[in-house]
Structure formats: structure tokens, C-alpha cells
Amino acid sequence: MQRQVVILGSTGSIGCSTLDVLAQHPQRFSVFALTAGRQIDKLFAQCLQAKPLYAAVLEANDAQLLQQKLRDAGSATQVLYGAQAFADLAAHPNTDIVMAAIVGAAGLLPTLAAVQQGKTVLLANKEALVMSGELFINAVKQHQATLLPIDSEHNAIFQCLPAALQGGCYQSDLQKAGIAKILLTGSGGPFRQTPLAEFDAITPAQAVAHPNWSMGRKISVDSATMMNKGLEFIEARWLFNCTADDIQVVIHPQSIIHSMVQYSDGSVLAQLGNPDMRTPIAHALAFPDRIASNVKALNFFEVADFTFSKPDADRYPCLQLAIDACRHGQGATTALNAANEIAVEAFLNGQIRFTDIARLNARALSRFASHSAKTLDDILALDQESRLYAETELGSLS
Ligand code: NAD
Ligand code: MG
């Protein structure tokens, strides 16, 4: 039987790659709903192609426009709007699989709504887990949702775990399974070799031009500061039920190894492939089966070299901030994530320098590190408080 898929954030980089994989397997999957923030032209084109029953956008005006265009084009897709509509579609009784690919904190509530209905949740939206790790994983356990990682590193780690552990990796005992370390790889981004003296002058255009991956603007800036690896460090802590001491970040500029698991007998298992998100997406969509993704097969005769190094703390201060936040707990990670979203947005808008992102994040972390955030209300309140703090601090940076 076809599985019904909802894509939260269908117009983004992950959303488009997901639609690409789904279109290759029409007998397995059917698109139940697509959602986007404001990109209605792109969503319109996607609706004509994937023919979802529902589409949803943030604003009422956009929904009206989109509905009219779709009707004129002979489409039967029904358009809804507002954050509640995203959550309702994710939790709809007919929904089997939810691809959580909204960027940032905005993805938390609809993703959680899917978890609370015990859906199969394909998690790309790492910020949701960074904000609410403990609460989110408890909800996965309580509602017996299936949680599958889309982030390429976490998907790689998942694939390198013993098969018996994969389904419940978020509650596994790594030591008992003979796992000594999770090796989280990262390319080091576009400024791995840029002289530190030039960091102040880095422009948004330079920061979003990732050498290996094509991604949305926010995650591209996060990759340049390596905050992305920091968020992934926190994500790994929750997805694989481990501590900060169990995870080691390794710079691997070629992005061919997507992460590794080191076992106590000395074996290291790695997942490799060309850097294309359709691989982890296809893996998670079909899990435990394997389906084609249209990703070019890795040709070892074309891979020039494989190199590895330790991350340099002076070059990537955001990475250390995230690791520190991970050790502090959920309040710290919520606050850091929120401040980082404000900082990245301000950098992309030309309001602050590249190096100010880490400065702002450091201020927010030192202010909120010891705050606790247990319930969803606590988390959302702290997220807001940290955003407001970061916005006020913006002015004092330049
Ligand atoms: P993107 O910016 O390309 O797309 C984001 C999507 O979210 C768009 O569809 C946009 O319309 C929607 N959106 C934005 N704000 C919204 C809001 N307030 N409410 C509802 N919808 C909103 O981002 P992306 O690169 O596809 O990344 C999506 C998520 O996946 C991020 O959390 C990112 O960290 C994660 N991720 C991305 C990649 C990648 O290769 N792009 C890899 C790993 C993880
Ligand atoms: Mg990643």
C-alpha cells in the first residue's frame, strides 16, 4: 500500500530533494500534504506536480492567492494556512510519514505534533531537537513514534549502528553495544583555510557558498561558523542517547565519509557516498528497505584524497559554544539556538559581521547557560527571551 507523506518545508532544499526521491517511487509513496512559509510560486508548481490533497502556507493572503491559482489550473489541492495547519496536517490520521524540513525553531511544534500521533518522523529540522531534546525524545518514547535521522551525519551514524539498535537508537546503551565513540565528521565549511585576519570581512554571499553541499541559507551560514556541527553534536547526543564525552568532531573536508562509529574492538564503521541529501532521504523513506535515489554512485578512482584534522577552536568558536551548551543542558541549548537564529539573520541582512555571530552567541550562552527549561512552555518562553536579548545586544556589537 502507498504510504502517505507530508513534507513540512517542501519548498526548501531538503523539501525539494524529498519530492525528487518520492517522484521516483510513485507506487510506494503518495504526497498527502506540502507546506511552505511564503514561497507560494514554488509551492504552486510543486502542487501541480505532486498533486497533494492539501497545501499550507503561513499567511491567509498567500493561501487565498495560491488557492485561486490552483483552482484556475484545475488542481483539486485544498490550501490551508497558519502554524496550526502545519501541525494538523502532520498529525492527520491519514498521514504515515512526516518529513520535518522546516528551518529553525518554527519547525518544533508541527514536528512534535507528528511525534505525538506516533508517526514516522524523518527529522531534518535539527533545531527542534536542539531546543527540546529531552522533551522530544520522551514524546517519541511515549507515543512510540518512529524517528529516523535525515541529517547526513546522523543518518550515517544510524546506518553504522548494530541493526538491533537502529529502531530505538534514542534509548540504546552504546557501551553495552560495544561502541566506544561516535565520530561526527564535518567539512570545515568554506573558510577552513581563510586567514583569521580576514574573517571580519566575510560577506553573506561568501558564507552561503558551501564547497560540497547545496543547502538553505541559514544552514549554510551555520556550516561556515561550524555552529551547524555544534547543533549536530547536540542532535547526536539525543538521537543516540549518549553524552558529550562519547562524541568526537573530526574535520574531513571532502565530505565523502558522512560520519563513523568506533567500536571497542578497534573497528570503525563509516558510511560513505557522494554529498547529496537524496541518499539519507531515500534511506529513511524506505527504511529498512533500500530504494534508488538517483544519486551518482561514488567512484573511488575519482576521489583524490581523504584527509582528517581536529577542529581549530579559534577558527570555529561557535562549535565550542554548542558543546558547552550541550554539557549545560536543555535551557542552554534552547537559548543558544534562538540567539544563533537572530545572529545569522542579522548577518545575512548585513547588520553584523561574520565574527559577531559567535560574539552574540557567546553573550547569550553566558546569560542563559544555567536557565532550566523542562516543559514546552518553558522552552518556548526561553526561546523568546533569548531572541529578545540577542536582538537588543545586536546594537552594541558594531
Ligand atoms: P531552506 O531554507 O532551504 O528551507 C526551509 C523550508 O522551511 C522552506 O520550505 C520554507 O518555506 C519553510 N519555512 C521557513 N520558515 C518557516 C516558518 N516560519 N513556518 C513554516 N515554514 C517555514 O532550509 P533547508 O536547507 O532545506 O533546511 C531545512 C532543515 O533541514 C534545517 O533545519 C536544516 O538544518 C536541516 N538540514 C538541511 C540540510 C540541507 O542539506 N539543506 C542538511 C541537513 C539538515
Ligand atoms: Mg549535517
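Give me the residue from segment 134-175 that is among the polar types (S, T, N, Q) and more than 17 Å from Ala270 (Cβ to Cβ) and, out of that set, nearest to ligand 1 (Cβ to nearest atom). Taking the candidates together, the pick is Thr146. From the list Leu360, Leu365, the lone residue that is touching an Asp or Glu at 6+ places or on another chain (Cβ under 7 Å), at pLDDT 95 or above and either closer than 29 Å to Gly15 by Cβ or part of a loop (DSSP other than H, G, I, E, B) (or both) is Leu360.
The listed residues are Asp324, Asp383, and the only one of them that is of a type outside the set (Ser, Thr, Tyr), part of a helix (DSSP H, G or I), modelled with pLDDT of 95 or more and farther than 16 Å from Gly104 by Cβ turns out to be Asp324. Does Ala55 satisfy being modelled with pLDDT of 95 or more, within 21 Å of Val79 (Cβ to Cβ) and open to solvent by 50 Å² or more (accessible area, probe 1.4 Å)? In short, no.
For beta carbons closer than 8 Å, sequence separation of 6+ or different chains, a first residue in segment 158-173 that is closer than 17 Å to Asp246 by Cα and a second that is charged (D, E, K, R), the qualifying pairs are Tyr170/Lys141; Gln171/Lys141.
Could you identify the single residue in Asp222, Asp200 that is surrounded by fewer than 16 Cβ atoms within 10 Å (Cβ to Cβ), touching a residue at least 24 places away in the same chain (Cβ under 8 Å), touching a helix residue (DSSP H, G or I) at 6+ places or on another chain (Cβ under 9 Å) and part of a helix (DSSP H, G or I)?
The unique qualifying residue is Asp200.
When each of Asp173, Asp88 is tested for being open to solvent by 30 Å² or more (accessible area, probe 1.4 Å), acidic (Asp, Glu) and outside the structural domain of Thr11 (by TED's automatic domain parsing), the lone residue that passes is Asp173. Candidates are the residues of segment 1-49 that are assigned to a loop (DSSP other than H, G, I, E, B), within 21 Å of Leu80 (Cβ to Cβ) and in contact with a Lys or Arg (Cβ under 8 Å, 6 or more places away or on another chain); the one that is nearest to ligand 2 (Cβ to nearest atom) is Thr11. Against the conditions (1) of a type in the set (Ser, Thr, Tyr); (2) at negative phi; (3) buried (at least 22 other Cβ atoms within 10 Å of the Cβ), Ser259 satisfies every one except (2).
Of the numbered criteria (1) closer than 21 Å to Ala114 by Cα; (2) free of Cβ contacts under 8 Å to residues at least 40 places away in the same chain; (3) surrounded by fewer than 23 Cβ atoms within 10 Å (Cβ to Cβ); (4) within 10 Å of ligand 1 (Cβ to nearest atom), the one Ala36 fails is (3).
All told, Ile247 falls short of being assigned by TED's automatic domain parsing to the domain that holds Leu365, open to solvent by 10 Å² or more (accessible area, probe 1.4 Å) and within 30 Å of Asp356 (Cβ to Cβ). Ala209 meets each of the listed conditions (1) at pLDDT 95 or above; (2) outside any helix (DSSP H, G or I); (3) open to solvent by 50 Å² or more (accessible area, probe 1.4 Å) apart from (1). In segment 110-139, the residues that are closer than 17 Å to His92 by Cα and touching a residue at least 40 places away in the same chain (Cβ under 8 Å) reach residues that are hydroxyl-bearing (Ser, Thr, Tyr) and open to solvent by less than 10 Å² (accessible area, probe 1.4 Å) with C-beta atoms within less than 9 angstrom, at least six apart or across chains, in these pairs: Pro110/Thr35; Leu112/Ser132; Ala114/Thr95; Leu122/Thr18.
Considering segment 151-179 alone, what residues qualify as being among the polar types (S, T, N, Q), away from ligand 2 (no atom under 16 Å from the Cβ) and under 22 Å from Lys126 (Cα atoms)? Matches in segment 151-179: Gln166, Gln171, Ser172.
For segment 312-333, which residues satisfy the criterion of being open to solvent by less than 60 Å² (accessible area, probe 1.4 Å) and over 21 Å from the mean Cα position of the chain (by Cα)? Within segment 312-333, just Arg315 meets the criteria. Criterion applied to Ala297, Ala339, Ala270, Ala284 was being out of contact with any helix residue (DSSP H, G or I) (no Cβ under 6 Å at 6 or more places or on another chain) and open to solvent by less than 10 Å² (accessible area, probe 1.4 Å), and the one residue passing it is Ala284. Restricting attention to segment 351-371 and to residues that are over 25 Å from Val208 (Cα atoms) and touching a residue at least 12 places away in the same chain (Cβ under 8 Å), the residue that is most open to solvent (accessible area, probe 1.4 Å) turns out to be Arg367. The residue that is farthest from Ile342 (Cα to Cα), counting only those in segment 372-398 that are open to solvent by 70 Å² or more (accessible area, probe 1.4 Å) and under 24 Å from the mean Cα position of the chain (by Cα), is Lys374. At least 3 residues being farther than 30 Å from Ile257 by Cβ is the threshold, and among the helices (runs of 4 or more DSSP H) wholly inside segment 62-162 those reaching it are 83-90, 108-116, 126-143.
The values are calculated or read from the model by the stated rules, or taken from the named source; none is laboratory data. Please read all numbers here as calculations on a predicted model, not as lab measurements. No Cβ is skipped: glycine too gets one built from the backbone with ideal geometry, and neighbour counts run over all protein chains shown. Remember, those area values only see protein heavy atoms, side chains included, never the ligands or the DNA or RNA. Shrake-Rupley method; radii C 1.70, N 1.55, O 1.52, S 1.80 Å.
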